[in-house]
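So the structure is just underneath, and the comments pick up after that.
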Amino acid sequence: MTQGRRPAAWIIWGLLLAVVTVVMLQSRADIDQAHVSLTMLLVVLGGSVAGGRALGFTLSAICILLINYYFQSPFELFTVSKPFDWVVLLNFLATSFVATELLTRARQQADAAEARTSEVEALSRLGAESLQYATAEEALGAIANLVRHAMGADACSIAPLAQPSQPRTPALDRHSDDALRAQAEQATARILATGRPVLLSASNALVEHPTADISTSATAVIRTRFIALPLRAEERIIGVLTVRGEQPLVLDSPRRRLLAAMAYYAAPGTERMRLMAEAAQAEMLRETQRAKDQIFASVSHDLRTPLTTIKVLAQSGAARGGPSSIAIAEQADRLARMVADLLELSRLRTGGLAIAPELNTADDLIGAALRQAEGMLDGRRVDVHLDFDAPTLVGRFDFVHTLRIVGNLLDNALRYTPPQGIVELRAERHGGWLVISVADRGEGVAPHEQDRIFESFYRPASASPDAGHAGLGLSIARTLAEVQGGTVTYRSRPGGGSIFELRLPAADVDDMAASDLGTSDHA
């Protein structure tokens with residue numbers, strides 16, 4: 001029974017009791033108290049069903065007075081002259097009160113069951129709406145429309161968050177407007193700060209709900225024209241649900257429980273929208289990277305022939321004493337190295353590079369890397385740190401490609417090491433990993449650039465121009481490590497400088513001995 005219909009029930013059943021009383025007065029001589037009591041009891045029961053407990057008890061009390069005054073002798077006096085009349089009155093009062101209470105409770109239970117049924121139907125529709133649409137945006141728009149209808153509101157929106165501080169464009173139902181958008185933006189900032197629902201007070205000020213759960217409230221009924229709820233996934237706020245009405249929304253306990261449940265089930269749709277956006281962006285990046293790799297491979301391949309021709313011509317010019325021929329040959333060599341790097345990176349990313357991991361020692365790898373780096377020292381020194389008293393360090397890796405990794409790391413460290421400086425090369429065993437680190441005393445890398453230095457063609461903003469390098473060495477080094485089950489990482493060196501660590505799967509000396517034995521037996 002709604003609040004608007006209760007006053008009408010009092011008037012209707014009050015008038016009906018008056019009519020019944022007048023009709024029975026006309027036949028007072030032909031009826032007894034049992035007829036009167038039963039007829040008035042029907043009026044009381046009807047009033048209880050229509051108006052609730054208060055109306056039923058009021059009608060019962062009035063009926064007692066009417067029976068005593070009009071239908072018990074002496075008539076038209078409030079007095080009881082016979083003990084039997086007391087029995088009639090008390091029985092009527094008890095019967096009407098008990099019947100009124102039972103009917104009221106039954107009606108309350110029926111209303112509660114109806115409310116729960118409505119909640120289940122609303123939630124089932126919400127689930128259907130979230131699954132039947134091809135895109136998450138359409139699904140969230142349909143959910144917002146369903147929430148608006150269930151709450152009797154004028155507008156509703158669901159705004160996913162791209163990041164904890166960056167709300168995305170909200171999914172709106174067709175009744176949403178600019179006023180809702182403005183209120184939603186303000187409420188989102190409050191929700192991100194407190195994690196609690198936000199309501200519009202009677203003074204048109206946004207206030208936080210006392211608790212994070214809107215369904216638990218000390219107030220029996222909340223009246224507000226605007227409410228915003230956080231949408232959560234694994235304790236993270238991933239979006240905001242906002243509802244607005246031109247007239248105050250009446251949120252009693254069942255309605256608040258329904259709204260909280262709808263917010264709970266709207267969260268997966270919001271998370272789905274975020275994941276789909278991230279998947280689309282990732283796919284776009286993959287397509288872009290594939291296109292870049294194809295272009296690199298094509299351009300690099302096409303450049304090899306003209307570069308060879310240029311170098312041959314430069315060498316011929318140098319033999320004839322051409323003053324610029326040596327510089328031309330050096331630049332041709334630089335471009336040839338860059339083309340080789342591009343081809344290698346392209347083959348790595350497309351899976352076209354053959355990898356043959358086998359058991360090798362760190363001593364052999366470091367010795368080969370030092371011999372390779374001799375031409376790059378230019379007054380600098382590489383100090384090697386190996387524990388020769390410990391067992392030989394063995395790893396499972398492709399020797400040629402791993403030599404390229406260590407060579408790239410040494411080349412990078414030497415380029416950023418000042419003249420007469422020292423680069424430290426260290427090999428250790430950490431659990432199941434063979435760790436080879438290269439440390440320098442250069443300027444280091446800013447924290448916000450440490451993840452980007454392994455990107456192709458990326459050079460830190462603080463790096464000095466270097467005509468001989470294109471920013472591919474670290475990218476190739478990490479990629480070569482990853483295809484062998486390892487990785488290359490960076491960390492700042494205490495006191496200044498950089499440390500690059502190569503991690504590869506380690507092996508034991510016994511494994512290498514068994515491998516050598518097996519090879520000799522096979523021979």
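The values are calculated or read from the model by the stated rules, or taken from the named source; none is laboratory data. Since the structure is predicted, the reported quantities are computational estimates derived from the model, not experimental observations. So basically every Cβ, Gly included, is an ideal-geometry build from the backbone, and we count neighbours across all protein chains shown.
Only one of the numbered conditions (1) at pLDDT 75 or above; (2) assigned to a loop (DSSP other than H, G, I, E, B) is not met by residue 466, and that is (1). Being assigned to a loop (DSSP other than H, G, I, E, B) and more than 37 Å from the chain's Cα centre (by Cα) is the filter here, so list the residues in the stretch 427-441 that pass it. Residue satisfying the conditions is 441 alone. In summary, residue 223 fulfils each of the numbered conditions (1) under 21 Å from residue 254 (Cβ atoms); (2) at pLDDT below 80 with the single exception of condition (2). Within the stretch 76-100, residues that are in a helix (DSSP H, G or I) sit with their Cβ atoms under 9 Å from residues that are among the aromatic types (Phe, Trp, Tyr), at 6+ positions apart or across chains, in these pairs: 96/57; 97/57; 100/57. In the stretch 214-235, which residues are aliphatic (A, V, I, L, M) and closer than 22 Å to residue 246 by Cα? Residues satisfying the conditions are 214, 220, 221, 222, 227, 228, 229. Let me confirm something: among 172, 231, 161, which residue is at pLDDT 85 or above and assigned by TED's automatic domain parsing to the domain that holds residue 266? Criteria check complete, one pass: 231. Any residue in the stretch 179-201 that's among the hydroxyl-bearing types (Ser, Thr, Tyr): show its pairings with residues that are modelled with pLDDT of 80 or more at Cβ separation under 8 Å, as long as the two are six or more apart or on different chains. Once the first residue is among the hydroxyl-bearing types (Ser, Thr, Tyr) and sits in the stretch 179-201, its partners that are modelled with pLDDT of 80 or more give 188/159; 188/228; 188/240; 194/208; 201/207; 201/224.
Only one entry of 30, 111, 85 meets the criterion of being loosely packed, with under 11 Cβ neighbours inside 10 Å and of a type in the set (D, E, K, R), and that entry is 30.
Residue 358 meets each of the listed conditions (1) modelled with pLDDT under 70; (2) in contact with a Phe, Trp or Tyr (Cβ under 9 Å, 6 or more places away or on another chain) apart from (1). For the stretch 266-295, a residue qualifies if it is of a type in the set (Gly, Ala, Ser), over 14 Å from residue 138 (Cα atoms) and modelled with pLDDT of 75 or more, and the qualifying residues are 267, 279, 280, 282. Right, residue 111: over 28 Å from residue 251 (Cα atoms) and among the charged types (D, E, K, R) or not? Answer is no for this residue. Counting residues in the stretch 397-408 that are of a type in the set (Gly, Ala, Ser) and in contact (Cβ under 8 Å) with a residue 40 or more places away in the chain gives zero.
If you check 77, 42 for being surrounded by fewer than 18 Cβ atoms within 10 Å (Cβ to Cβ) and under 60 Å from the mean Cα position of the chain (by Cα), only one passes: 42.
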